[in-house]
1. With LEU70, LEU62 as the choices, which residue is of a type outside the set (Gly, Ala, Ser), under 18 Å from GLN101 (Cα atoms) and either more than 29 Å from the chain's Cα centre (by Cα) or assigned to a loop (DSSP other than H, G, I, E, B) (or both)?
2. Among the residues that make up the stretch 312-333, is at least one of them among the aromatic types (Phe, Trp, Tyr), closer than 27 Å to ASP523 by Cα and open to solvent by 50 Å² or more (accessible area, probe 1.4 Å)?
3. Just name the residue that is surrounded by the fewest Cβ atoms within 10 Å (Cβ to Cβ) out of those in the stretch 485-497 that are in contact (Cβ under 8 Å) with a residue 24 or more places away in the chain and within 25 Å of the chain's Cα centre (by Cα).
4. Among the residues that make up the stretch 564-579, is at least one of them without any contact (Cβ under 8 Å) to a residue 40 or more places away in the chain and more than 23 Å from the chain's Cα centre (by Cα)?
5. Quickly run through the stretch 519-545 and pick out the residues that are within 30 Å of ALA564 (Cα to Cα) and outside any loop (DSSP other than H, G, I, E, B).
6. Is it fair to say LEU173 is outside any helix (DSSP H, G or I), hydrophobic (A, V, I, L, M, F, W, C), modelled with pLDDT of 95 or more and touching a Ser or Thr at 6+ places or on another chain (Cβ under 9 Å)?
7. Filter the stretch 498-513 for residues that are modelled with pLDDT under 90 and not acidic (Asp, Glu); which is most open to solvent (accessible area, probe 1.4 Å)?
8. Using the structure shown, decide if PHE674 is surrounded by 14 or more Cβ atoms within 10 Å (Cβ to Cβ), at pLDDT below 90 and out of contact with any helix residue (DSSP H, G or I) (no Cβ under 8 Å at 6 or more places or on another chain).
Amino acid sequence: MIRPVLSILKLFRSITLQTLVALLFISSFVAESQLFAQNSTLRVIAITEDEGTPVVAANVLLTIPGADTLYARSTDAYGFVEFTNIPARDYEIQISYIGYQTFRDIITLEPGATLIIRPELATDTAILDELVVSVRRGTTRRDAGMQTITPEDLSRMPTPAPGGDLTMYLQSLPSVVTTGDRGGELHIRGGTPSQNLVLVENMPVVKPFHISNLFSALPQDVLSSVDVYAGGFGSQYSGATSAVLDVNLRQGNMRRFQSKAAVSPYIVSLQAEGPVSIDNHSFLLMGRYSVIEETGPTLTGEDVPLRFYDLIGRYSINWDGAVCNFTGLHTNDEGRINPVRSVQLSWSNTAVGVRCLGFAEELNHAVDITIGYTGYSSSETGIDNIGRESGLKMGYMRMDNRAQFFGSPANYGFKLEFIKYDAVLDDPFAQQQGREVRFTGIDAQLDELATNLSSYVTLNLEPFQNVSFRPGLVSQINIRDLQPTLEPRLRLSWFPRGNDDLEFSLAAGRYVQFHEAINDERDAGTVFYVYKPINERDPYPVSLHGILGYRQQFTQSFGLSIEAYTKQHQNIPVARWTREPANTLETGLVESFTYGGDIQAELNLNRWYLSLSYGISEVTYEAPSSELVAWVNRPVFSYNPAHDRRHQINLISSLQFGNYTASINYQFSSGGPFTRIFAFDLALLDLPRQNPVTDQGRAMTLFSEPFDGKLPNFQRLDASISRSFRFSPQFGIDAEIGAVNTFNITNIFYYDVNTLQQVNQLPLVPYISLTTIIR
């Protein structure tokens with residue numbers, strides 16, 4: 001009788017925080033409804049005149065005619081912005097976005113009423129030498145670890161495929177590190193790939209990056225915008241301890257049909273979009289398939305055993321009081337990181353979901369709801385002639401809303417996840433058969449279900465003039481453990497001049513995640529991860545972030561941003577080291593310390609774009625020697641992991657001359673750590689039966705201390721020249737010629753102790769891509 005009562009009390013204690021948050025919001029609605037009776041609400045959905053699709057990140061200003069600005073906001077992924085609890089009167093509204101003519105109008109708000117408008121922005125173009133050039137001046141917005149990426153940014157990168165790609169651009173950021181040019185792994189400011197959260201229209205996608213690090217499943221043609229949080233992300237994001245990529249896809253054209261077909265030595269692709277019902281329903285479909293495995297030997301003189309494809313589909317619906325987007329995504333990757341080693345890797349993602357924004361006049365605030373499914377599976381074969389599989393399946397529901405929290409505007413939301421983890425790692429009877437078990441400490445077959453509930457609240461305060469203060473709180477609960485987390489978050493901005501030209505910013509927070517991903521970091525030739533929930537009595541992975549930022553827009557065309565940051569991660573599972581290479585993987589928990597700084601300068605003129613960035617950082621792992629390295633005779637062992645890069649320099653430049661556009665991307669980074677070989681030996685493992693005089697023994701490779709060496713520096717220059725040919729308003733061809741690693745610099749990927757071979761990154765790879773456009 002006592003135990004059920006204790007269980008009920010434990011459950012009650014675990015949900016107290018989230019219930020309290022809900023009750024506080026409910027109580028605040030009473031005062032809010034009384035306030036709304038006197039004031040008004042304006043809801044704006046900005047769309048483009050030519051396509052009828054949302055304009056993301058447009059600046060919306062409300063002023064009294066002939067006076068200063070009273071209210072300023074930016075549109076979200078729906079092109080939506082809301083002004084609540086503002087005095088009823090006449091306003092002048094201005095909506096501006098780079099590349100579009102500024103929209104201006106006079107509107108009248110009635111007391112207690114809600115006004116919904118859908119302004120259309122016309123493209124701002126200049127006809128120069130018979131070439132239509134969009135006027136896109138201004139520099140990228142950066143704010144305390146956050147940067148918004150647009151399709152325009154991607155188009156400036158030389159890419160060996162038609163159109164830009166998100167992965168290529170991410171690797172140009174000083175916060176992002178890849179350990180090589182294949183494997184599909186991104187490390188962001190010291191974090192590991194499993195510590196990042198990738199959201200595609202609020203759908204979690206585990207690994208949308210292809211096995212060739214030149215590509216992702218997110219090409220330029222389907223993107224609307226991407227918010228990259230290298231750290232210090234706000235309370236609307238939970239379940240990650242390092243970084244967040246929040247990806248917004250664009251709607252299909254609401255007003256006309258168009259299609260594209262493209263081919264290059266790397267990828268072939270098809271795309272189609274158009275209205276089903278003009279201005280109300282539209283579709284967008286895109287598929288890409290790699291061909292580098294077939295063309296690679298001719299282009300590079302060596303085998304490129306990499307294959308991948310991706311599919312994206314969207315169906316969008318616009319109603320008078322709501323917008324819904326149905327989205328599906330599927331990716332598949334397989335191949336070998338080391339072409340001469342028989343370790344075959346594969347992974348796939350499947351995500352489907354619906355995301356709706358309701359903004360009808362009857363609602364006090366717009367509400368954003370997402371429901372969907374995400375699946376991920378991966379496999380590894382060839383390590384010891386045993387195939388292994390790991391994956392997860394997730395169903396989820398999320399709601400985000402706004403409210404007046406005791407007179408202050410606030411954002412809040414809830415998320416519910418059902419996650420099934422499964423893995424087949426070893427023969428259950430391997431040890432009885434005398435074989436080594438690769439993943440020790442994990443069941444040979446994993447089949448676990450986790451249920452997670454999270455809630456958050458963020459206050460949007462202006463305690464002083466020109467100061468934006470956004471404190472937040474996240475609480476997560478794993479239903480098995482019933483131990484709620486407390487994760488305070490903070491983002492602060494100060495605008496000394498009262499405008500957006502100069503900003504000092506700060507971000508900090510505590511972050512917790514309920515899962516871990518185990519891989520063998522000793523072996524760069526495999527990127528197989530075992531995803532699993534944290535064991536019941538083990539500590540959760542936790543991190544603390546701190547960021548200080550400075551940003552100044554000196555002119556409309558030139559901007560500068562500087563950031564300093566630190567991260568501390570706790571309870572990271574890493575492979576324990578043995579003196580000789582081994583397939584058996586046993587993990588220990590380490591603590592990670594990361595600190596560094598970035599500086600980025602950006603010049604954006606009409607025809608010339610230039611971006612130069614520099615990053616310095618250090619990543620250190622530390623743990624008791626007994627957790628990591630058996631043969632080191634000191635109490636605490638620390639090392640720099642493979643993704644530690646002390647210095648990074650990135651340069652992007654794009655120049656339009658006549659009908660042509662020339663682009664370059666230069667990357668430099670100091671060499672990453674690696675584990676040196678200490679010696680080769682012949683070991684007698686069956687003493688005293690073996691005779692040291694007559695028995696040769698078994699050949700062994702002995703490691704030095706983990707990651708005690710440094711690879712040579714990495715540098716690569718990619719270059720391209722492109723031109724668009726328009727034969728009629730309905731038909732055109734985009735052509736691009738270029739090269740990856742233009743100067744054919746030899747960059748070491750890693751040294752494989754299994755084959756005693758140096759594995760290099762891509763040599764010079766020339767390419768030509770053609771894209772036909774039909775409208």
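1. LEU62
2. Checked against the condition, which is being among the aromatic types (Phe, Trp, Tyr), closer than 27 Å to ASP523 by Cα and open to solvent by 50 Å² or more (accessible area, probe 1.4 Å), the stretch 312-333 yields no hits at all.
3. Here the residue is LEU486.
4. no
5. VAL542, SER543, LEU544, HIS545
6. no
7. ASN499
8. Taking the combined requirement at face value, the residue satisfies it.
The values are calculated or read from the model by the stated rules, or taken from the named source; none is laboratory data. Keep in mind the model is a prediction, meaning the values are calculated, not measured. All Cβ positions, glycine included, derive from the backbone under ideal geometry; neighbour counts span all protein chains shown. These accessible areas exclude ligands, DNA and RNA; they are computed on the full protein's heavy atoms, side chains included. Shrake-Rupley method; radii C 1.70, N 1.55, O 1.52, S 1.80 Å.
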